[in-house]
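Following: one structure in structure tokens, then a few remarks.
The values are calculated or read from the model by the stated rules, or taken from the named source; none is laboratory data. Since the model is a prediction, treat every value here as computed from it, not as a measurement. All Cβ positions, even for glycine, are placed from backbone atoms using ideal geometry, and neighbour counts span all protein chains on display. These accessible areas exclude ligands, DNA and RNA; they are computed on the full protein's heavy atoms, side chains included. Shrake-Rupley method; radii C 1.70, N 1.55, O 1.52, S 1.80 Å.
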Amino acid sequence: MPITAYFRLLFVPLVLVSSTFAFPSWPPPGGEGPCGVTKEADVSARMRDGVILKADVYRPATKELVPVILMRTQYGKAAAQVQPSRFQTPAWFASHCYLVVIQDIRGQYASQGTFYEYANDRDDGYDSVEWAAHLTGSNGKVGMYGSSYVGATQWLAATATPPSLKTIVPSNTASDYYDGWTYEDGAFRLAFIQNWMMETIVSSAAANRGDAKLSASLREEGKDIAKWMHFLPYDQFPPFHPGDPAVAPYYFDAIKHSSENAYWKAFSIESRYSKVDVPVLAFDGWYDAFLNGALRNFNGMRTEGANELARNNQRIVIGPWEHLGWGRPDSPVSPRLKAIGPVANSPVNELMLAWFDHFLKGKDSGVITGPRVDYFEMGENKWHSSAEWPLRDTQYQKWYLASGGHAASVMGDGVLTMTHPGTSDHATSGDASGPATANAESDEFVYDPSNPAPSVGGHSCCSWTSGPQGQFDQSAIEQRSDILVYSSQPLKVPLEVTGPITVTLYASSSVPDTDFTAKLVDVFPDGTAVNLNNGIQATRFRESLSDPSPIEPGRIYQYHIHIWPTSNLFQPGHRIRLEISSSDFPQFAPNPNTGEVFGASTKWHAANQSIIHDSMHPSEMTLPVIPSGASGRGQDSPPQT
């Protein structure tokens, strides 16, 4: 089927970064341990069904029995997630007298079997942990590490409770593979899923099957991912050969299962915390695709972990990072975040080594085990810590939407005020520092799926050069008439916002199904408007992710849009801004507004949207505000222990 003319849009072009690109100054020299290291390539491990998985084993030169550090990856054991500027090499960790095992998962690179997302990683994870625990030279204790899907292989293995697994260190990974991975509050995460699969797992699985032609074709088509994201219907996506079940069945199954059902529950982590009996050290970033799930894992394990050891030893480190951008000089970090400098670098390698020394070797490494949240506060640009999430002293402030009826675009009159609608001093000035105008009860805009509001930054995957993630000035898109803009008066004193944000939106639509989006923005005195985080709500999933239902056109509904967490110090003179729209493309697939089955149609309708903010329908944003001094004195360097 030819490329549809479905979209007419303006957005930042997407440029793919090859997964083979090397950043020459990483890993840095030095820091090696006392053990010499030898490597055994392609060591076989037999799974319970007879499939052979291959691993590279890095052996320390010691007569002592040592613990095992295991990575199970779909991105190639030779790469071991060293680039771009992420983990140290397996040999570096082995030099600290660990037996390091880097394994290709089923159906990828050197391993046998057929790859299918998530499906085999629980059983294969269990079998691989126990196999590694019994390798020559092992003392029987195993820890795991890795980022993204390699974090998923850890969590899935941990939910199987292999007896030799003693801790995991997952970075940038989720708690659920429906909500917060493939979909977000009912909306399909288009830019991440299509880009990631085409650039990595579909192509590498084809190569594993010996289909070099298809693998090369996918890599070539991936160079035009911005074009392919225009294609409809999603369930006929040409690069993945919809008529051939061997190519990418998991993609088409993900489209088919657009609500939370038994298909997704088979892979869920959240429903299995009670089976996980190990301490967890996690890393994530404020602009990562899986931030929300990482925090759900932290809190879920604190309350539901299998034993006291697990419940009391949960720790997460959150920096001003994207999915791959960990702040280091050679990592692909969006420019505003990179400009923060070395204070924003990830401490993952040093901290992970101290964690393993404690839980696998029983050393007094000085590591702080948990429960603990180490977080970077943007705006202040310092590190803080807390024993819980959200922070104990959080005060939840309501900021109400108001206008004179013309909040469309930054040139309109939308404001944020702490005064409830209907009161005499409910400010509704277009100039937030000027006199108030007459209150209006609503704002209207037209959402046209053929011209969706473009994504500029956000929490996606996997690099800011290949997807909408990171921190950017929103000024240009705020001039669109389909984005409602509500701004506070300039702040007189600093305001720390740290935690999850909720927008309670009263809205009606002319169609039976649509989306509403929300974005929290920090507006600088010069007008620069930087995104902090964003959220979306598909209206059919307003009550349940498993039981979608249409809305009645023209009827007012209450929606709760979950803007993902952030930590930011709004400085004096800055304004708090909330953007409301119905699209965020290509981060999310534009809702066609038809109410038809997702992904199977090329039809669309424009929608007339009304945002209500009268005394009976007080649309508002609830901010997690930290009182002055409550978060303690910030640190100028990331945590090392």
Residue, nearest to Ser455 (Cα to Cα), within region 289-317, restricted to residues that are among the aliphatic types (A, V, I, L, M) and part of a helix (DSSP H, G or I): Leu291
I'm checking my understanding of the structure. Among residues of region 468-501 that are open to solvent by 40 Å² or more (accessible area, probe 1.4 Å) and in a strand (DSSP E or B), which one is farthest from Ile225 (Cα to Cα)? Pro500
Matching option when the condition is open to solvent by less than 10 Å² (accessible area, probe 1.4 Å), farther than 19 Å from Phe588 by Cβ and either modelled with pLDDT under 95 or out of contact with any helix residue (DSSP H, G or I) (no Cβ under 6 Å at 6 or more places or on another chain) (or both), among Thr465, Thr428: Thr428
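Listed here are the residues, each with its yes/no results for (1) under 27 Å from the mean Cα position of the chain (by Cα); (2) without any contact (Cβ under 8 Å) to a residue 60 or more places away in the chain.
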{"site": "Gly30", "(1), (2)": "no, yes"}
{"site": "Val37", "(1), (2)": "no, yes"}
{"site": "Met47", "(1), (2)": "no, no"}
{"site": "Val82", "(1), (2)": "yes, yes"}
{"site": "Val129", "(1), (2)": "yes, yes"}
Those residues of region 366-395 which are loosely packed, with under 15 Cβ neighbours inside 10 Å and touching a helix residue (DSSP H, G or I) at 6+ places or on another chain (Cβ under 7 Å) amount to Gly366
For region 504-544, give me each residue that is among the charged types (D, E, K, R), open to solvent by 10 Å² or more (accessible area, probe 1.4 Å) and over 22 Å from Pro590 (Cβ atoms). Asp526, Glu543
Condition first: surrounded by fewer than 19 Cβ atoms within 10 Å (Cβ to Cβ) and not small (Gly, Ala, Ser). Can you find one or more residues in region 318-329 that meet it? yes
For region 356-417, which fully contained strands (runs of 3 or more DSSP E) count at least 2 residues that are under 24 Å from the mean Cα position of the chain (by Cα) and not hydrophobic (A, V, I, L, M, F, W, C)? 372-377, 382-386
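Every residue, every condition in (1) surrounded by fewer than 24 Cβ atoms within 10 Å (Cβ to Cβ); (2) out of contact with any Leu (no Cβ under 9 Å at 6 or more places or on another chain), yes or no:
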{"residue": "Ala94", "(1), (2)": "no, yes"}
{"residue": "Asp127", "(1), (2)": "yes, no"}
{"residue": "Ala132", "(1), (2)": "no, no"}
{"residue": "Ser138", "(1), (2)": "yes, no"}
{"residue": "Ser147", "(1), (2)": "no, no"}
{"residue": "Ala152", "(1), (2)": "no, yes"}
Among helices (runs of 4 or more DSSP H) entirely within region 173-270, at least 1 residues that are closer than 14 Å to Ala289 by Cβ, open to solvent by 30 Å² or more (accessible area, probe 1.4 Å) and touching a helix residue (DSSP H, G or I) at 6+ places or on another chain (Cβ under 6 Å) occur in none
Residue count, region 36-52 (criterion: among the small types (Gly, Ala, Ser), in a loop (DSSP other than H, G, I, E, B) and surrounded by 11 or more Cβ atoms within 10 Å (Cβ to Cβ)): 1
What do you reckon, is Leu353 touching a residue at least 24 places away in the same chain (Cβ under 8 Å) and assigned to a helix (DSSP H, G or I)? yes
Within region 522-612, considering only strands (runs of 3 or more DSSP E) that don't extend past its boundaries, which have at least 1 residues that are under 22 Å from the mean Cα position of the chain (by Cα) and closer than 27 Å to Trp399 by Cα? 529-538, 557-570, 575-581
